[in-house]
Amino acid sequence: MSSSTVITESVLTIAAIVSIAIVLAAFIPNLYYLESAHRGYVMRIKTQLETEVEIIFASGSVGSDEVKVWVKNVGHAPISSRLIGEASDLLFGPKGNFARIPFNSPTVPTWNYTIVNDLDCDGDWDPQETIELTIHYSESLSEGDYYVRFAVYTGSYDEYFFSL
């Protein structure tokens, strides 16, 4: 084997190693970024799966402008008291004519809540605890079908129909 062949092969080997190192240096940071993004996505999905609510009952009376709705945390994660009102959405109204009701608004319609069985007295809505929503509607309730949908900050929701 001639010395020029050995030198040529050595130069090509070194060039290949340098090329691979450059490619790896370009892609490895992106792999760490992808791993971090994936980890964040998995944590968000985990939170969504652990947060689940269920409307267990709703009632009102004809001529009144107040409706009571009881919602149970049937998930595995507690919901901070700050997130119950500020980050939740409540839809209410006659079937086919409902609207979003703002939390603690100075004018009607509005809604507020109380935790009716705060088992550990921490003020948060823990799993297996129930909250009572009080909806102050903008008009007196009449006979008919009504719709309630309560959604928490993760997007987990439940809906309920009831009649007066």
* To do: Inspect segment 145-156 for any residue being more than 18 Å from Gln48 (Cα to Cα) and small (Gly, Ala, Ser) and give the result as yes or no.
  => no
* To do: Specify the residue that is nearest to Glu66 (Cα to Cα); the eligible residues are those in segment 89-124 that are modelled with pLDDT of 95 or more and touching a Pro at 6+ places or on another chain (Cβ under 7 Å).
  => Thr110
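Could you tell me which residue of segment 139-148 is nearest to Gly63 (Cα to Cα), considering only residues that are surrounded by fewer than 17 Cβ atoms within 10 Å (Cβ to Cβ) and in contact with a strand residue (DSSP E or B) (Cβ under 9 Å, 6 or more places away or on another chain)? Steps first, please.
Residues of segment 139-148 surrounded by fewer than 17 Cβ atoms within 10 Å (Cβ to Cβ): 139-140, 142-145.
So of that shortlist, the ones also in contact with a strand residue (DSSP E or B) (Cβ under 9 Å, 6 or more places away or on another chain) come out as 142-145.
Numbers: Ser142: 6, Glu143: 9, Gly144: 12, Asp145: 14 Å.
Restricting to residues being surrounded by fewer than 17 Cβ atoms within 10 Å (Cβ to Cβ) and in contact with a strand residue (DSSP E or B) (Cβ under 9 Å, 6 or more places away or on another chain), the top hit is Ser142.
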* Asked: Which number in (1) over 12 Å from Ile55 (Cβ atoms); (2) exposed (fewer than 13 other Cβ atoms within 10 Å of the Cβ) marks the one condition that Glu159 misses?
  -> (1)
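I'm checking my understanding of the structure. Among residues of segment 82-113 that are charged (D, E, K, R) and touching a residue at least 12 places away in the same chain (Cβ under 8 Å), which one is farthest from Phe57 (Cα to Cα)? Please lay out each step first, then the result.
Just the residues of segment 82-113 that are charged (D, E, K, R), to begin with: 82, 86, 89, 95, 100.
Remaining after also requiring touching a residue at least 12 places away in the same chain (Cβ under 8 Å): 86, 89, 95.
Working: Glu86: 22, Asp89: 17, Lys95: 17 Å.
Only one residue fits best here, namely Glu86.
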* Check Ser81 against each of (1) at pLDDT below 95; (2) surrounded by 14 or more Cβ atoms within 10 Å (Cβ to Cβ); (3) in contact with a helix residue (DSSP H, G or I) (Cβ under 9 Å, 6 or more places away or on another chain) and name the one condition it does not meet. => (3)
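Surrounded by 13 or more Cβ atoms within 10 Å (Cβ to Cβ), in a loop (DSSP other than H, G, I, E, B), of a type outside the set (A, V, I, L, M, F, W, C) and touching a residue at least 40 places away in the same chain (Cβ under 8 Å): is that true of Thr134 in this structure? Let's see the steps before the verdict.
On the way: surrounded by 13 or more Cβ atoms within 10 Å (Cβ to Cβ): yes; in a loop (DSSP other than H, G, I, E, B): no; of a type outside the set (A, V, I, L, M, F, W, C): yes; touching a residue at least 40 places away in the same chain (Cβ under 8 Å): yes.
In short, no.
In segment 35-75, what residues are hydrophobic (A, V, I, L, M, F, W, C), surrounded by 11 or more Cβ atoms within 10 Å (Cβ to Cβ) and either outside any loop (DSSP other than H, G, I, E, B) or not assigned by TED's automatic domain parsing to the domain that holds Asp124 (or both)?
Here is the first cut: in segment 35-75, the ones hydrophobic (A, V, I, L, M, F, W, C) are 37, 42-43, 45, 49, 53, 55-58, 62, 67, 69-71, 74.
If we keep only those that are surrounded by 11 or more Cβ atoms within 10 Å (Cβ to Cβ) too, we end up with 45, 49, 53, 55-58, 67, 69-71, 74.
Correct list: Ile45, Leu49, Val53, Ile55, Ile56, Phe57, Ala58, Val67, Val69, Trp70, Val71.
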* **Some residue of segment 12-21 being under 17 Å from the mean Cα position of the chain (by Cα) and either within 19 Å of Pro127 (Cα to Cα) or not assigned by TED's automatic domain parsing to the domain that holds Ser138 (or both)** => no
* To do: Inspect segment 114-123 for any residue being surrounded by 14 or more Cβ atoms within 10 Å (Cβ to Cβ) and touching a residue at least 60 places away in the same chain (Cβ under 8 Å) and give the result as yes or no.
  => no
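Please find, within segment 28-67, the residue that is nearest to Val108 (Cα to Cα) out of those that are hydrophobic (A, V, I, L, M, F, W, C) and touching a strand residue (DSSP E or B) at 6+ places or on another chain (Cβ under 9 Å). Don't jump to the end; show me each part of the working.
Here is the first cut: in segment 28-67, the residues hydrophobic (A, V, I, L, M, F, W, C) are 28, 31, 34, 37, 42-43, 45, 49, 53, 55-58, 62, 67.
Narrowing the set further to residues that are touching a strand residue (DSSP E or B) at 6+ places or on another chain (Cβ under 9 Å) leaves 53, 55-58, 67.
Values: Val53: 25, Ile55: 22, Ile56: 24, Phe57: 22, Ala58: 19, Val67: 13 Å.
Checking each candidate, the answer is Val67.
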* Structure fact -> Val108: passes all of (1) hydrophobic (A, V, I, L, M, F, W, C); (2) within 23 Å of Met43 (Cα to Cα); (3) surrounded by fewer than 19 Cβ atoms within 10 Å (Cβ to Cβ) but (2)
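The values are calculated or read from the model by the stated rules, or taken from the named source; none is laboratory data. All values derive from a computational prediction rather than experimental measurement. Positions of Cβ are backbone-derived with ideal geometry, glycine not excepted, and every protein chain shown enters the neighbour counts.
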